[in-house]
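The values are calculated or read from the model by the stated rules, or taken from the named source; none is laboratory data. This structure is a prediction, so every number in the text was calculated from the model and none was measured. Cβ placement follows ideal geometry from the backbone for every residue including glycine, while neighbour counts extend to all protein chains displayed.
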Amino acid sequence: MDDHTQEQINLYRANAQSFGDAALDAMNRGDIGLARTASRQAAQYARIVMQLESGEKQVAPEDRVEQSEPEASQANSISV
C-alpha cells in the first residue's frame, strides 16, 4: 500500500469517527434526524475505508439520464 492510499485511509477513518461521534451526541440530545444522517455518513466513510484497505476497485456510479417518451394520453391531455 502506497503512502497516498494510507493517507486517504487515515483521512476517511477520521471522518467516519467524527460522524460517528456526532451521531452519538445527536442521539443523546434526542435529535433522531441528525443522528440518522450522521450515522449514515459514518457508515459511508467506513465502507470506503474497508474498500481501500482491501484493495477493492473504486467504481463511481454512472450518471444515467432516462428519457422516456410521453404516452399518448399524456401528450394530448388538454382537450379543446
Please work out which residue is nearest to the chain's Cα centre (by Cα), limiting yourself to the range 38-60 and to residues that are part of a helix (DSSP H, G or I) and exposed (fewer than 15 other Cβ atoms within 10 Å of the Cβ). Gln44
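Can you spot a residue in the range 27-37 that is part of a loop (DSSP other than H, G, I, E, B), at pLDDT 95 or above and out of contact with any Phe, Trp or Tyr (no Cβ under 8 Å at 6 or more places or on another chain)? Explain how you work it out, then say what you get.
Here is the first cut: in the range 27-37, the residues part of a loop (DSSP other than H, G, I, E, B) are 30-31.
Subsequent filtering for residues that are at pLDDT 95 or above retains 30-31.
Now narrow it down to the ones that are out of contact with any Phe, Trp or Tyr (no Cβ under 8 Å at 6 or more places or on another chain): 30-31.
Within the range 27-37, one or more residues are part of a loop (DSSP other than H, G, I, E, B), at pLDDT 95 or above and out of contact with any Phe, Trp or Tyr (no Cβ under 8 Å at 6 or more places or on another chain).
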Just checking, which of Glu66, Glu56, Glu71 is at pLDDT below 60 and among the charged types (D, E, K, R)? Glu71
